[in-house]
Structures are given as structure tokens and as C-alpha cells.
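Peer 1: Take this structure, written in C-alpha cells, and hold onto it; I'll ask about it next.
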Amino acid sequence: LSAYYMFNDEIQNCYDYAQRAVKSNPSHIMGYQRLGMALNRMDRFEQAEPIFQKALKLSPVDPEIWVIHVGCFQAFMGQAQYQNALEACDRAIASNPRMGNLHGFRSAALGHLERFDEAQKELAIYLEARPNLKTREDFRKLFFRTWVLTDIIIEGLIKAGWEPEE
């Protein structure tokens, strides 16, 4: 239910159900993932980070661990900790190298770090996987329309060299 509410932009309900999931099964990392994501969506990035860290400690080799690393990436980006965000993204890519959106995240972090050559290479990989990504609104459709982190990532992609159409 938490995921349902997340994608319907009912973040308080998402958070409430994620808390219930953690309470009912505190050893399952996906409850923590949902709880951390809800906190991220509430722009409570500092509170989300330790939730993801707990999930990483609970099950460091879980096959779905890459989604925990993505949550860490988001929490760090929201706190403007771009180097930590990059490292979390690298761990996500190492866990699941076929996820094209991770290269966009990596490009955004590198853009914010002003590592432009690397950022442009990642951007090229990302845009190859997302050929219809032409405008900021296109990105919002892929991500979340109304979230502060969406604009932070778009800003990083632009720093990396993305030139969205207006």
C-alpha cells in the first residue's frame, strides 16, 4: 500500500503504511526502503538517510539492495552532499548496472560536483536510454512532478550538459 500511495502523491499515507510495514516485519529491508522514500518525498532527507543505512546493515547482499542505494543517493542529493550521492549511485549501478536512470542520477551528481567530462559521458549514456527526454516536463513525467529533488537533479543534468527544450 505504501508504494500505491507514493505513486499517487499521497505521501502521508505512504509514510504511515511504510511505518506499519517496518513495525510488522523489522527485518525486511523493503519496509525501510519505503519508509526512507516517504521521508525523502517529504523533503526530510536528514531523517531518511539513517533509515536507508539501517536497511543496508540488515541485508547488505540482498538482491534488491540497489533500491536502498538509490534512496541513499536521493537523501544525499537533497542535503547537497553530492560526493556521498555519487558514491551511493555508484553502489546502485554496481548492484544493478542495467538501470539506465541510474546513469542520469550519476550525471546529475557529477554535474553538481563540476566534474563535467565525466558528467557528460554519463549524460550520453542516460540520454541514449531515454531518447524521448527533451524537456524538463519530460523528466518530471519520468520522476516525480512535484518534488524539490526533481529540480535538483534537473539542475545537475543541465550542469552536465543537458540542453532541455523549452
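Peer 1: Is it fair to say Gly104 is touching a residue at least 40 places away in the same chain (Cβ under 8 Å), closer than 23 Å to Thr150 by Cβ and out of contact with any strand residue (DSSP E or B) (no Cβ under 6 Å at 6 or more places or on another chain)?
Peer 2: yes
Peer 1: Something else about it: State all residues of region 6-33 that are farther than 24 Å from Gln53 by Cβ and either in a helix (DSSP H, G or I) or at pLDDT 95 or above (or both); if no residue qualifies, say none.
Peer 2: Phe7, Asn13
Peer 1: Tell me, yes or no, whether region 57-69 has at least one residue that is farther than 19 Å from Phe7 by Cα and not assigned by TED's automatic domain parsing to the domain that holds Ala3.
Peer 2: Looking through region 57-69, none of the residues is farther than 19 Å from Phe7 by Cα and not assigned by TED's automatic domain parsing to the domain that holds Ala3.
Peer 1: Next question. What's the number of the condition Ala88 fails, among (1) surrounded by fewer than 18 Cβ atoms within 10 Å (Cβ to Cβ); (2) in the same structural domain as Tyr15 (by TED's automatic domain parsing); (3) farther than 25 Å from Tyr4 by Cα?
Peer 2: Exception for Ala88: condition (1).
Peer 1: Mind checking which pairs have a first residue in region 142-158 that is touching a residue at least 60 places away in the same chain (Cβ under 8 Å) and a second that is of a type in the set (Ser, Thr, Tyr) and surrounded by fewer than 19 Cβ atoms within 10 Å (Cβ to Cβ), Cβ under 9 Å, 6 or more apart or different chains?
Peer 2: Phe144/Thr150
Peer 1: Conditions: (1) over 17 Å from the mean Cα position of the chain (by Cα); (2) surrounded by 17 or more Cβ atoms within 10 Å (Cβ to Cβ); (3) among the charged types (D, E, K, R). Glu128 meets all but one. Number of the miss?
Peer 2: (2)
Peer 1: Any idea which residue in region 126-136 is nearest to Gly104 (Cα to Cα), counting only those that are of a type in the set (D, E, K, R) and in a helix (DSSP H, G or I)?
Peer 2: Glu128
Peer 1: Restricted to region 137-166, and to residues that are under 15 Å from the mean Cα position of the chain (by Cα), part of a helix (DSSP H, G or I) and among the hydrophobic types (A, V, I, L, M, F, W, C), which residue is nearest to Gln74 (Cα to Cα)?
Peer 2: Leu149
Peer 1: Please list, ordered by first then second residue, the pairs with beta carbon atoms under 8 Å, 6 or more apart or interchain, first in region 113-141 and over 12 Å from Gly156 (Cβ atoms), second β-branched (Val, Ile, Thr) and at pLDDT 95 or above.
Peer 2: Arg136/Ile154
The values are calculated or read from the model by the stated rules, or taken from the named source; none is laboratory data. The model shown is predicted, which means the values in this text are computed figures rather than measured ones. Virtual Cβ from ideal backbone geometry, glycine too; neighbours counted across all protein chains shown.
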